[in-house]
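In what follows, a structure is listed as structure tokens, so that the remarks can point back to it.
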Amino acid sequence: MDKMKKLKLLLANIILAGVLVLGGCADAGDSSQSSSSKETTTQESASSEDQNTNAEDNSDDTSAQADSGNTAGSDTAGKTKAAASKAKTSAVSTSKIPKYSGSPYIKVHNNVPFFKKSDLTKKVFEKYSKLDALGRCRTAYANVCKATMPTEKRGRIGMVKPSGWHTVKYNNVDGKYLYNRCHLIGYQLTAENANESNLMTGTRYLNVDGMLPFENMVADYVKETNNHVLYRVTPIYTDENLLADGVLMEAESVEDKGKGISYCVYVYNVQPGIKIDYETGDSSAKDSRRSGQSSAKGTYIINENTNKFHKPDCRSVKMMKDKNKKTYTGKRSELINSGYEPCKNCNP
Amino acid sequence: MKLIICVDDNNGMMFNRRRQSKDREVRHDILAYTMPERIWMNEYSLEQFETDDTSRIQVANNFLIQADDNDYCFIENGQYLIDESRLDEIVLYHWNRVYPADYYFDIDLHGWTLADQKEFKGFSHDKITREIWTR
């Protein structure tokens with residue numbers, strides 16, 4: 001990649017980080033629309049040959065700086081500089097996020113989303129950022145409500161190959177396939193199916209253990225209350241890596257000003273037991289001899305109903321019905337190879 | 001004393017000081033099942049009953065102390081020291097979903113009897129499972 005493109009990409013990443021401080025990616029050029037209509041912005045991938053492309057791409061993110069007090073509404077360069085300076089003080093950057101240590105996610109910013117009070121409106125919208133020069137998806141942002149939710153089952157998405165995509169299987173991965181085409185904003189929230197701007201290469205663990213519980217919480221809240229929830233997902237990349245290190249997930253309920261839903265978490269794009277090269281998406285099974293965990297013998301409690309296994313002192317064991325409970329002594333790796341999943345709480 | 005608690009698949013109850021979920025069908029079931037006894041709860045929980053019949057609902061921050069033996073206590077948020085020796089029934093509603101959680105139901109039910117179990121359709125949940133545990 002030539003130097004100009006590298007510079008533009010670096011600038012785009014700084015601006016993206018700045019979004020996390022300043023909050024939101026409201027379109028400064030947004031025309032007023034009735035709150036009952038759905039505004040969807042899904043832009044085509046930018047041409048890599050267009051010198052102005054990155055500046056246009058940046059406008060998705062730079063317009064998010066509106067709350068910075070920058071009144072240079074149409075001055076992209078001015079906004080870019082403001083965003084860059086803000087990015088230096090960002091509380092969310094890959095260097096400041098602790099390494100993965102067993103939990104699929106970590107709370108960020110005291111679990112308070114970066115939205116501004118003025119963002120909390122009933123105006124329905126969906127915004128999916130253009131893919132960057134490397135074909136990577138970026139921030140997806142929506143005001144989720146019943147009107148945005150699907151009315152039919154999800155269709156095929158196999159035709160989309162997000163950046164870093166590989167089709168690879170491992171026995172110790174739930175469902176075998178390491179990677180899922182992960183919706184940034186889940187289909188159950190905005191019915192965006194095969195939108196390449198809403199799909200990233202994510203591990204099974206990120207998709208099911210990390211992101212899905214947070215989506216479920218928002219979906220069920222909206223169904224129950226008919227309220228709106230601001231919802232934003234931002235993939236975080238290191239340098240020119242094709243695979244995101246993780247995603248920042250933010251959500252806040254509108255009508256009750258966050259009393260119902262409010263969170264700000266970083267979800268790790270990892271897969272326990274698998275080593276991933278984030279530059280390319282290549283992967284390999286971790287050496288069980290080095291990790292010591294997979295080959296170690298131990299005593300575990302299996303729940304034959306849920307197909308999960310636990311440490312004997314896990315709180316879930318206390319709740320287990322005797323008929324479903326089975327004590328197992330042996331290798332952890334054999335349990336996983338037999339199709340049992342480790343408990344997410346006790347992490348056996 | 002009897003407890004009423006809602007949990008997800010991992011026995012989670014709350015995340016970020018907020019309930020994981022709510023469902024009007026669960027509230028209806030709670031009110032029907034507990035008839036004619038009193039139901040104690042705090043202000044946070046009372047808010048979700050604002051469209052229901054609240055005539056049997058008693059509100060207090062220290063409701064676990066104030067509740068009599070036949071009363072029900074609906075616990076959602078906050079950490080309460082529960083005198084388990086006073087408990088003779090736990091009504092557990094399962095969302096049958098996985099939500100994020102940082103506060104869990106952790107009473108050891110060994111020695112308790114699953115006296116009753118029923119499933120019903122929620123308003124915003126496909127299936128709710130209610131378990132009645134007794135000593």
message: What percentages make up the Cα-Cα pair-distance distribution of the stretch B:30-84 when the bins are 10 Å wide from 0?
response: 24, 59, 17, 0
- request: Sticking with the crude label model, points 7 Å out along Cα→Cβ, report the distance from residue B:120 to residue A:323 in nm, one decimal please.
  value: 2.4 nm
Kirkwood Rh, angstrom, the stretch B:2-134 [1 / mean 1/r, Cα pairs]: 15.0 Å
query: Over the heavy atoms of residue A:316, what accessible area does a 1.4 Å probe trace out, to the nearest 10 Å²?
result: 20 Å²
query: If you take the accessible area of A alone, add that of B alone, and subtract the area of the pair, what total do you get in Å², probe 1.4 Å, to the nearest 100?
result: 2600 Å²
statement: Row for the stretch A:89-167, column shape: gyration tensor on C-alpha, a ≥ b ≥ c, rounded if a/c < 1.5 i.e. under 1.5, prolate if a/b over b/c, else oblate; value oblate
task: Please work out the average accessible area per residue across chain B, using the 1.4 Å probe convention, and give it in Å².
output: 45 Å²
- prompt: With labels modelled as points extended 7 Å from the Cα through the Cβ direction, what inter-label distance (nm, one decimal) is found for residue A:171 paired with residue A:282?
  reply: 2.4 nm
field: Computed magnitude of the charge dipole of the stretch B:2-134 (debye, nearest 20; Cβ of K, R +1, Cβ of D, E -1)
entry: 380 debye
task: Positive end of the charge dipole of the stretch B:83-132 (Lys, Arg +1 and Asp, Glu -1 on Cβ, about the Cα centre): tell me which of B:91, B:107, B:120 has its Cα farthest that way.
output: B:120
query: Using the beta-carbon distance between residue A:149 and residue B:102 and R0 = 30 Å, what value does 1/(1 + (r/R0)^6) give for FRET efficiency, to the nearest 0.05?
result: 0.65
statement: Residue separation between residue A:338 and residue A:94 times 0.36 nm, minus their alpha-carbon distance, gives in nm 84.3 nm
- request: Output the antiparallel fraction of DSSP beta bridges having both residues in chain B, as a percent to the nearest 5.
  value: 55 percent
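The values are calculated or read from the model by the stated rules, or taken from the named source; none is laboratory data. Everything numeric in this text was worked out from a predicted model, so none of it was measured. All Cβ positions, glycine included, derive from the backbone under ideal geometry; neighbour counts span all protein chains shown. Surface areas here come from the heavy atoms of the whole protein model, side chains and all, with no ligands, DNA or RNA. Shrake-Rupley method; radii C 1.70, N 1.55, O 1.52, S 1.80 Å.
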